[in-house]
1. Take every Cα pair under 8 Å in the chain that's 6+ residues apart, average their separations, divide by the length, and report that relative contact order as a whole percent.
2. The range 1-85: Rg/Rh from Cα coordinates, Kirkwood Rh?
3. Among the GluC sites (Glu not before Pro) within the range 54-128, which fall in a DSSP loop and have no more than 10 other Cβ atoms within 10 Å of their own Cβ?
4. Which of the listed residues, SER61, ILE127, LEU36, is farthest toward the dipole's positive end in the chain, when Lys, Arg count +1 and Asp, Glu count -1 at the beta-carbon?
5. Can you grab the distance from the C-alpha centre of the range 66-128 to the C-alpha centre of the range 51-65, Å, no decimals?
6. Do any trypsin sites (Lys or Arg not before Pro) in the range 83-128 lie in a loop, going by DSSP, with at most 13 other beta-carbon atoms within 10 Å of their beta carbon, and if so which?
7. Treating only the Cβ of Lys, Arg, Asp and Glu as charged (+1, +1, -1, -1), what charge dipole size does the chain show about its Cα centre? Round to the nearest 20 debye.
8. For the chain, take the longest principal axis of its alpha carbons; what is the angle in degrees between that and the long axis of helix 22-35, to the nearest 10 within 0 to 90?
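Every read-out reported here was derived from the displayed coordinates using simple, explicitly stated rules and does not represent laboratory data. Since this is a predicted model, take the numbers as computed values, not measurements. Virtual Cβ from ideal backbone geometry, glycine too; neighbours counted across all protein chains shown.
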Amino acid sequence: MQFGEHITIDGYGGDPELLNNKETVFFVLSDLPKKLGMKMLSEPMVILAPDNEINDPGGWSGFVIIAESHISLHTFPKRRFISADVYSCKNGMDTQKIVDYFTETFRLSDVETNCIKRGTKYPAENII
């Protein structure tokens, strides 16, 4: 028994125009929960993150709170890179469907994915 799953996606070689498009990021955060059968509890928030002059050349960061947890992503258009998280208490997520969604949307040429089991000691009963 586990509480949920946390899928991490690191995508490389993406289309810089798509990665640098606020509307595309907003659309992904609005559309993906529907495709996964999840309920949004808030509108997606998308913010332009500036270059930090260290390791991050700037891009769009966004997240959406869903009843099952959250989805977040960070784009780095100048590096053609995206980092995304899909975390849910809904077990049995279709990881390949999620990877394909990001790959097709941002035209990624390579993807690294990890699926982390969360709350493996989560109690099956209420504890008072």
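1. Rounded, it is 40 percent for the chain.
2. Details: Rg = 13.4 Å, Rh = 13.4 Å.
In the range 1-85, Rg relative to Rh is 1.00.
3. Loop-located and lightly packed - GLU125.
4. Selected residue: ILE127.
5. Here the two parts' Cα centres lie 18 Å apart.
6. LYS121
7. Working: 13 positive and 18 negative charges, 68 e Å.
Rounded to the nearest 20 debye, it is 320 debye.
8. Once rounded, the angle reads 30 degrees.
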